[in-house]
1. Is it fair to say A:ILE145 is in a helix (DSSP H, G or I) and either open to solvent by 10 Å² or more (accessible area, probe 1.4 Å) or within 13 Å of another protein chain (Cβ to nearest Cβ) (or both)?
2. Looking at (1) modelled with pLDDT under 90; (2) open to solvent by less than 60 Å² (accessible area, probe 1.4 Å), find the lone condition where B:ASP23 falls short.
3. Of everything in the range B:77-97 that's open to solvent by 40 Å² or more (accessible area, probe 1.4 Å) and farther than 15 Å from B:PHE55 by Cα, which residue is modelled with the lowest pLDDT?
4. In the range B:98-119, is there at least one residue being in contact (Cβ under 8 Å) with a residue 12 or more places away in the chain, more than 12 Å from chain A (Cβ to nearest Cβ) and either open to solvent by less than 10 Å² (accessible area, probe 1.4 Å) or within 24 Å of A:GLU180 (Cβ to Cβ) (or both)?
5. How do the pairs read when you match residues in the range B:31-45 that are in contact (Cβ under 8 Å) with a residue 24 or more places away in the chain with residues anywhere that are buried (at least 17 other Cβ atoms within 10 Å of the Cβ) and among the basic types (Lys, Arg), using Cβ under 8 Å and keeping only pairs 6 or more apart or on different chains?
6. Taking the range A:250-263 as the search range and keeping residues that are under 35 Å from the mean Cα position of the chain (by Cα) and free of Cβ contacts under 8 Å to residues at least 40 places away in the same chain, which one is surrounded by the most Cβ atoms within 10 Å (Cβ to Cβ)?
7. Hey, among the residues in the range A:205-248 that are open to solvent by less than 10 Å² (accessible area, probe 1.4 Å) and more than 14 Å from every other protein chain (Cβ to nearest Cβ), which one's nearest to B:ILE53 (Cα to Cα)?
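The values are calculated or read from the model by the stated rules, or taken from the named source; none is laboratory data. From a predicted model like this one, the values you see are computed outputs, not experimental measurements. Methodologically, a virtual Cβ is constructed for each residue, glycine included, from the backbone with ideal geometry; neighbour enumeration extends over all protein chains shown. Ligands, DNA and RNA are stripped out before the accessible areas are found, and what is left, the full protein with its side chains, is counted by its heavy atoms. Shrake-Rupley method; radii C 1.70, N 1.55, O 1.52, S 1.80 Å.
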Amino acid sequence: MRKKIFQYVQSHSDEILREWIELMRGEADERAIQAMSDHMFVKTSSEFVQLVMSNFSDSEQKFNERAIDFSEKIVRLGWPLTMITEGLRVFGKIVERGMQQTGAIDQYSYIDFTTEINNWMFPMYRTITEAYTTSWERTISLQKIALQELSAPLIPVFDKISVMPLVGTIDTERARQIMENLLEGVVNHRAEVVLIDITGVPVVDTMVAHHIIQAAEAVRLVGAKCTIVGIRPEIAQTIVNLGINLEDVTTTSTMKKGVEQALAATSRQIVEVQE
Amino acid sequence: MNMRIPILKLHDCLLISIQWELDDQTALQFQEDLLHKIHETSARGVVIDFTSIDFIDSFIAKVLGDVISMSKLMGAKVVITGIQPAVAITLIELGIRLEEVMTALDLEKGLEKLQRELGD
């Protein structure tokens, strides 16, 4: 039976490919189609079908390698996983219908056929999904590293004054890193005042506020002063509505005011040069 | 026999540099010694330097907090200097805020701060 399927697929490969592309176009996600040109779609599709077909002829190891290569490419193109599994299902359907039409299977050999095609399809599902998720996970972990690098820089702007701009949401892991960078930086730069800029933090909830307060207290313990700058109106509203007590921490609305206060705290000021 | 922590007098200030990890006994001994010394010398300021300490447990932190409040009661202002980042994180995580205490980056700045506070 396996031979029969194989022979059918090989001799009708062009037909199958054409039919498959047509069906997929109807079924596929709008998003995936929009993301690429027609030419690209046909090319990737035929690649996919060839991959599926190669499962017949290649050894298992070779197929795995090809599947991993292909899925990496797919992830980059932004094709959803559902489209791949859907594609496999459609492929099986086309083969089944085609073989029925040519009379290669009848109702007696049908059970044989289903068993065989299932045996063939399932490992493929597994391999492709696995390869897909692996490359996905790798992408995510790479991004995570990149994000960590951008996470919490401490910038010495003046003698004794350093600034830490925060952009993006703060979770527990990041808060920990912020705290570490902040304290290490204060000690290394011998800063007396640190400004934490939260202009770029979209949401300040109780947890984020808690982390910020903790950071501010820790800064005080190592012997510097901490000011939170960049409190936007909506953040001020949420803080008060949530009943968060920020009384013990100095806060200002803009970085400009924060820098002025910091200079005043270190008994300095900026003056215009007289010409 | 445990080691005692030396307490040095400088004008009207007392200087203490803690050089090794405190055990419970030493910490309590230190509390006693410091209070006696304040009484003896009628010092107005105390600087405790932690630069070489990179670990503090909750009991030591409590004893230190107590020493600071007691010194205050005896009329001496306390500045803590040189707390390491790791120690600061531990203290915050233990919920020890040392709220009433002045802090400074190092001994030099601590003394400056104290002088300013004492109004000299």
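1. Details: in a helix (DSSP H, G or I): yes; either open to solvent by 10 Å² or more (accessible area, probe 1.4 Å) or within 13 Å of another protein chain (Cβ to nearest Cβ) (or both): yes.
Yes: the conditions hold for A:ILE145.
2. (2)
3. The qualifying residue modelled with the lowest pLDDT is B:ARG97.
4. Yes; the residues of the range B:98-119 include at least one that is in contact (Cβ under 8 Å) with a residue 12 or more places away in the chain, more than 12 Å from chain A (Cβ to nearest Cβ) and either open to solvent by less than 10 Å² (accessible area, probe 1.4 Å) or within 24 Å of A:GLU180 (Cβ to Cβ) (or both).
5. Filtered contacts from the range B:31-45: B:ALA43/B:LYS37; B:ARG44/B:LYS77; B:GLY45/B:LYS77.
6. Here is the first cut: in the range A:250-263, the ones under 35 Å from the mean Cα position of the chain (by Cα) are A:251-256, A:258.
Right, trim to free of Cβ contacts under 8 Å to residues at least 40 places away in the same chain and you get A:251-254, A:256.
Numbers: A:THR251: 20, A:THR252: 18, A:SER253: 15, A:THR254: 14, A:LYS256: 10.
Only one residue fits best here, namely A:THR251.
7. A:THR227
Let's see how each residue does on (1) touching a His at 6+ places or on another chain (Cβ under 6 Å); (2) more than 18 Å from A:ALA262 (Cα to Cα); (3) within 11 Å of another protein chain (Cβ to nearest Cβ):
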{"residue": "A:ILE155", "(1), (2), (3)": "no, no, no"}
{"residue": "A:ILE161", "(1), (2), (3)": "no, no, no"}
{"residue": "A:GLY168", "(1), (2), (3)": "no, yes, no"}
{"residue": "A:ASP171", "(1), (2), (3)": "no, yes, no"}
{"residue": "A:MET179", "(1), (2), (3)": "no, yes, yes"}
{"residue": "A:LEU183", "(1), (2), (3)": "no, no, yes"}
{"residue": "A:VAL186", "(1), (2), (3)": "no, no, yes"}
{"residue": "A:HIS189", "(1), (2), (3)": "no, no, yes"}
{"residue": "A:VAL194", "(1), (2), (3)": "no, no, no"}
